[in-house]
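Structure record follows, encoded as structure tokens.
What follows is calculated from the coordinates using simple rules that are stated; it is not laboratory data. If you're wondering where the values come from, they're calculated on a predicted model, not measured in any experiment. Counting neighbours? That spans all protein chains shown, and the Cβs are built from the backbone with ideal geometry, glycine included.
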Amino acid sequence: MDFLSNPASILPALILVLVFLTVFRRKPCKRLRRKQPPMRLDYADLPPAESFPYRLRPSLLSPREYRFFCILSGVCKSRGLRVYPKVRMGDVFWVPETLKDGKDDERFWYWFSPIAKKHIDFVLADGQGAFVCGIEVDDASHDNPYAKGVDAFKDRVFLSAGLPLYRFRYSFSEESVRQAVSHALEKHRNRATD
């Protein structure tokens, strides 16, 4: 019982046990580490509507977005433009199928997935349905790092496709909306003649 009178004598044995446990620790089974596939709804065998978890949102637009929409609609009506709110980016932009190589469509999905899951606050279109521009109404929620990254992504998507994107932060007026729409319409006409 010499180690009880001298606790330092047990230290090498403790270190040896810790090294042994670290080196030979049991690794989790691969089967347990795999992600479970997402649950899928079977459209051929739907449960009753009462069991669905969906609830109606109070409005499509926030109060701020609705105020903006009212101004924007008035400005666009006189110019023959249509305003579409909450448009999914995947309905405005597309990814070329050439990114699919038959075996592995990873590159295609890498670029398509982000636009399939994000929307633009407003998209303007001319009388024939051609896109004129996108508009984002940003507030303080766009100041966090994640939102800034999403905004930068949206900016680059619009830039890469050649469609203008206008951002209104914190404040807007009928005049500032009118100027943005006029600028977008001028760019749209120039694109159409090129």
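Overview of values
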item: Cross-link reach list, aspartates and glutamates versus residue 117, counting only Cα pairs under 13 Å and skipping chain neighbours closer than eight places; result: 91
item: Among the listed pairs 148/187; 118/187; 118/148, those beyond 20 Å (Cα-Cα); result: 148/187; 118/187
item: Label point distance in nm, residue 100-residue 16, each placed 7 Å from Cα along Cα→Cβ; result: 6.3 nm
item: Cα-based shape type of region 63-193, given that a ≥ b ≥ c are square roots of the gyration tensor eigenvalues and the cut on a/c is 1.5; result: oblate
item: Percent of beta bridges antiparallel (DSSP, region 53-194, rounded to nearest 5); result: 65 percent
item: Stretchable slack from residue 67 to residue 128, in nm (0.36 nm times residue separation minus alpha-carbon distance); result: 19.3 nm
item: Chain lengthening between residue 50 and residue 78 when straightened (0.36 nm per residue, less Cα-Cα); result: 5.6 nm
